[in-house]
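Working notes, beginning with the structure itself.
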Amino acid sequence: MAGEMAISAFDDPRLEWDHGEPSARGGSWKIDEAGELVVAPEPQRDYWSRTFYSPLLVKHDAQTLLATVPADDEATLTTAFTLTPRAQFDQAGIMVLVDEGCWVKAGIEFTDGVPRLSCVVTNDGFSDWSTQAWRPPAPAAAAGATSVRVRVSKLLPGAAQGPCLVMEACPCPGVGDSAASPGDWCQVRIASLRAGGSPWRMGLFAICPVENAGCEARFHHVALGAKCEPVHRADNPLDGQPSGA
């Protein structure tokens, strides 16, 4: 996305709710006086497609806040958020939606009693799910919450590969920091997203697939714009070092 197309506020009109605004069954959303987006998700909504669970689980009705990125553009979306989970599978983060058979959720998910960095990638109508441990900053942990900073980049490495994405994470910045603030970023996942020549819709999600027992997601900032260079290096950083170094 060109710089003049960048999105840096939750009230940007290019960000639109998909599947309606959270407003029923205890759901709600607002942009508070600090300009932060606060979401209480409607329960029993989710994105998942086919894999692992029995009986068959196919859900694509979660309420997400998205903007369109043209098919030929590379782009990066960055956000920081604090998730206060209260039930299994409470989750929040960055959403990428092409269609019901091709999408990504990348963020934090509370599963089996702990918060985890989580990335669900769905291609051809089948989801896969990767997780890794995430230790929340002490103040958030003391309040039963988890804070993290996440960015997802849309990359176009060539026609032979097709579109791909990179998910990265780092500790949540302090009060007053922005999406452009320095951070100790780490790679979480590189994945193919078989979107063909379709545009991506990129934005934010907060989901309570089972129940909302008091879950809330507070997004501190958002930035959707030109591609950032990932921290992962495609070359070999050990080239030229003596054997055994």
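Just so you know, all these numbers are worked out from the coordinates, no wet-lab data involved. Remember, it's a predicted structure, so these values are computed and weren't measured experimentally. Here the Cβ positions follow ideal geometry from the backbone for every residue, glycine too, while neighbour counts run over all protein chains shown.
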Value of Rg/Rh across region 45-190 [Cα atoms, Kirkwood radius]: 0.96
Computed P(r) (all Cα pairs; region 153-231; 5 Å bins; percent): 3, 10, 18, 19, 19, 14, 11, 4, 1, 0
Summed residue charge, Cβ within 12 Å of T82's Cβ, Lys/Arg positive, Asp/Glu negative: 0
Using θ = phi - 60° and Karplus 6.51 cos²θ - 1.76 cosθ + 1.60, couplings along region 215-226 (whole Hz; Gly, Pro as x): 5, 9, 10, 10, 8, 7, 7, 8, 8, 10, x, 4
Cut-off under 5 Å, modelled amide H: who pairs with L193 long-range: C164, L165
Region 29-37 - phi-based ³J(HN,Hα) in whole Hz, Karplus 6.51/-1.76/1.60, Gly and Pro as x: 8, 7, 9, 7, 5, 8, x, 8, 8
Fraction of alpha-carbon pairs over 29 Å apart in the chain - percent: 25 percent
For H221, distant residues with modelled amide H under 5 Å away: A80
